[in-house]
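In what follows, a single structure is set out as structure tokens and then discussed.
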Amino acid sequence: MKQRGGVPLAVTRAQTRESGPENWRSAAACRSVDPELFFPVSATGKSLEQATEAKSICAGCRVQRECLSFALRTLQAYGIWGGTTEEERAIARR
């Protein structure tokens, strides 16, 4: 996955569009959290704990629905978005 400054490009590109219909990001609970938390490297061991922690942040987020909608609409292939993993979003798209 291409990265810029250690952050996946999908995140850095998305965060550059703060106005318009995507302005929900400014209210996201994850905004002040290290983005790497939301990009575990696997679905087992420590990465599973990482995904659980990321999902717990999403669970308390007031824009979780908008985040998930964005991830589904833009086919985000990596990371936790709107409280879902890549696998969960793949199932939702079917």
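At-a-glance table
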read-out	value
Any hit, the stretch 12-26, residues being aliphatic (A, V, I, L, M) and at pLDDT 50 or above	no
Hits in the stretch 28-58 - residues which are in a helix (DSSP H, G or I), within 16 Å of residue 89 (Cα to Cα) and either without any contact (Cβ under 8 Å) to a residue 24 or more places away in the chain or touching a helix residue (DSSP H, G or I) at 6+ places or on another chain (Cβ under 9 Å) (or both)	38, 51, 52, 54, 58
Residue in the stretch 64-77 that is on the phi > 0 side of the Ramachandran plot, surrounded by 14 or more Cβ atoms within 10 Å (Cβ to Cβ) and in a loop (DSSP other than H, G, I, E, B) present	no
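The values are calculated or read from the model by the stated rules, or taken from the named source; none is laboratory data. All values derive from a computational prediction rather than experimental measurement. As a convention, Cβ positions derive from the backbone with ideal geometry for all residues, glycine included, and neighbour counts pool all protein chains shown.
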